[in-house]
1. How much length is gained on full extension from Asn33 to Asn19, taking 0.36 nm per residue of separation minus their Cα-Cα distance?
2. Once phi is turned into θ = phi - 60°, what whole-Hz ³J(HN,Hα) does the Karplus curve with 6.51, -1.76 and 1.60 give for every residue of the range 18-34, x standing for Gly and Pro?
3. Take the Cα pairs of the range 12-63, get the Kirkwood Rh, then feed it into Stokes-Einstein at 25 °C and 0.890 mPa s and tell me D in µm²/s.
4. What number, in percent, do you get for the relative contact order of the range 12-63 if the mean sequence gap of Cα pairs under 8 Å and at least 6 apart is divided by its residue count?
Amino acid sequence: MLQQHILRLSPWVGLRKINVSYWGWEDASPFTNTSLRWLPGEPSDSGFCAYLERAQVAGLKANPCTATTDGLICEKPA
């Protein structure tokens with residue numbers, strides 16, 4: 001029996017759109033684009049949460065926060 005493949009986004013990275021021009025981390029610190037970059041054409045108006053794009057793990061994509069994902073990425077204190 002074939003299993004149905006469910007298309008999912010890669011993990012949510014803890015980044016949310018706070019207002020029209022500001023994206024911030026869950027701890028309210030600003031997103032500075034130093035370690036992660038947006039994919040071309042992003043951030044779009046398609047959502048308020050940032051996910052790693054499965055095909056291009058080096059870039060972020062905006063999507064609705066209710067999107068089905070393959071988990072999330074958290075920061076752990078050293």
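Quick note: the coordinates plus some simple rules give every number you see, no bench work behind them. Keep in mind that this is a model prediction, so the values were computed, not measured.
1. Numbers: separation 14, 0.36 × 14 = 5.04 nm, distance 1.67 nm.
That works out to 3.4 nm of additional length.
2. 8, 8, 3, 10, 10, 10, x, 7, 4, 7, 6, 6, x, 7, 10, 6, 7
3. Working: Rh = 10.9 Å.
It diffuses with D of about 225 µm²/s by this estimate.
4. Numbers: 82 pairs, mean separation 17.9, N = 52.
34 percent.
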